[in-house]
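Enquirer: First, the structure itself, so that you have it in front of you.
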Amino acid sequence: MDFHTKEVLHKLLDKDVKHAFALPITTDTAEKMNGGNWSPLNIQEQMTINEKGERVEKKRLTHNQSFPGIASNNSINSLVQHEELEPMIYGFMFIRMIHMIHAMRYAFPCMVILISKYDLDSAYRRMHMNAPSAVKCICSTTICALIYLRLTFGGSFSPAEWCVIIEIITDLANDISN
């Protein structure tokens, strides 16, 4: 790992710890935790838009929970019982939105249609896991181990868990606006 990558990793880890998204522990402590599963952290490069509307590169910490375990050869994601998760519908938002606009235009051809989009990334980061789930999502680096207290980016269970909350938020917002 080069110096620049290590510096970016320190900055991203520091941010997660300061925001109480993760609890840093020593690797010795992590090894002693019953039921603990480990996965590596990665840095993903992606593009975002700054306040001037320019595309700029952004680095995000990701949790590689599809990585096979060293001892068990099972990833955290392979242990998820998908049939027990709540069904997800928010993944098809664009199709649903197009159908809704079409239905609204058909019913009200002369009305102005207002639409907005909200980035709920910050809310997603604040949905905490229960203790047994958090222990199953220990992430490690060359620096330390972390118990993630919130839904992880890379956990196959996270979108389904989040879908329960976002549906409540969406239904409430629609009820208030109506």
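Enquirer: Could you work out the relative contact order of region 1-145, using alpha carbon pairs under 8 angstrom and six or more residues apart, expressed as a whole percent?
Expert: Rounded, it is 33 percent for region 1-145.
Enquirer: Can you give me the long-range amide H partners of residue 75? Hydrogens built in the peptide plane at 1.01 Å from N, cutoff under 5 Å, separation of 5 or more residues or another chain.
Expert: Those qualifying (amide H under 5 Å, at least 5 residues apart or on another chain) are 69.
Enquirer: Related question: Working from the alpha-carbon coordinates of the chain, get Rg over Rh, Rh being the Kirkwood radius.
Expert: 1.05
Enquirer: Need the full-extension length gain, residue 42 to residue 142, defined as separation in residues times 0.36 nm minus the C-alpha distance. One decimal, nm. Write out the running numbers ahead of the final one.
Expert: Numbers: separation 100, 0.36 × 100 = 36.00 nm, distance 1.14 nm.
That pair, residue 42 and residue 142, stretches by 34.9 nm at full extension.
Enquirer: Within the chain, what whole-number % of the accessible surface is contributed by carbon and sulfur, with the 1.4 Å probe and all protein chains included in the calculation?
Expert: Heavy-atom surface of the chain belonging to carbon and sulfur, 1.4 Å probe: 60 percent.
Enquirer: Let me ask something else. Can you give the extra length, in nm with one decimal, that the chain gains between residue 60 and residue 10 once fully stretched, where that is 0.36 nm per residue apart less the Cα-Cα distance?
Expert: 16.8 nm
Enquirer: Determine the per residue accessible area of the chain with all protein chains present and a 1.4 angstrom probe, expressed in square angstrom. Before the final figure, lay out each step's value.
Expert: Numbers: 12580 Å² over 178 residues.
Per-residue accessible area for the chain comes out at 71 Å².
Enquirer: Taking the Cα centre of the chain as the origin and placing charges on Cβ (Lys, Arg +1; Asp, Glu -1), which of 21, 88, 162 is farthest toward the positive end of the dipole?
Expert: Highest projection toward the positive end goes to 21.
Enquirer: Looking only at trypsin sites (Lys or Arg not before Pro) in DSSP loops with at most 12 other Cβ atoms within 10 Å, what is the longest site-free stretch of the chain?
Expert: That gives 53-116 as the longest site-free run.
Enquirer: Name the longest site-free stretch of the chain, where the excluded sites are GluC sites (Glu not before Pro) in a DSSP loop with no more than 12 other beta-carbon atoms within 10 Å.
Expert: Segment 55-178 is the longest.
Enquirer: Under the rule of at least 5 residues apart or a separate chain, name every residue whose amide H is placed under 5 Å from the amide H of residue 150.
Expert: Here the answer is 129, since their amide H atoms fall under 5 Å of that of residue 150.
Enquirer: In whole Hz and in residue order, list the ³J(HN,Hα) couplings for region 102-115 that follow from phi through the Karplus curve 6.51 cos²θ - 1.76 cosθ + 1.60, θ = phi - 60°; x for Gly and Pro.
Expert: For region 102-115, the Karplus-derived couplings read 4, 5, 5, 5, 5, 6, 10, x, 9, 7, 6, 9, 9, 9 Hz, x marking Gly and Pro.
Enquirer: For region 21-29, just list the computed ³J(HN,Hα) in residue order, Karplus coefficients 6.51, -1.76 and 1.60, θ = phi - 60°, integers in Hz, with x standing in for Gly and Pro.
Expert: Ordered by residue, 3J(HN,Hα) equals 7, 9, 10, x, 9, 6, 5, 4, 5 Hz.
Enquirer: Moving on to the next point. Starting at the first residue of region 163-178, write each ³J(HN,Hα) from the Karplus equation 6.51 cos²θ - 1.76 cosθ + 1.60 with θ = phi - 60°, in whole Hz, x for Gly and Pro.
Expert: 4, 4, 6, 5, 5, 5, 4, 5, 4, 5, 4, 5, 5, 5, 5, 7
Enquirer: Further question on the same structure: Report, ordered by chain and residue number, the lysines lying within cross-link reach of residue 6, taken as a straight Cα distance under 26 Å and ignoring same-chain residues fewer than 8 apart.
Expert: Result set, ordered by chain and number: 15, 18, 58, 59, 136.
The values are calculated or read from the model by the stated rules, or taken from the named source; none is laboratory data. Computed from a predicted model, the values in this text were never measured in an experiment. Every residue, glycine among them, receives a Cβ derived from its backbone with ideal geometry; neighbour counts consider all protein chains shown. Each accessible area value is taken on the protein alone, full model and side chains, heavy atoms only, with ligands, DNA and RNA left out. Shrake-Rupley method; radii C 1.70, N 1.55, O 1.52, S 1.80 Å.
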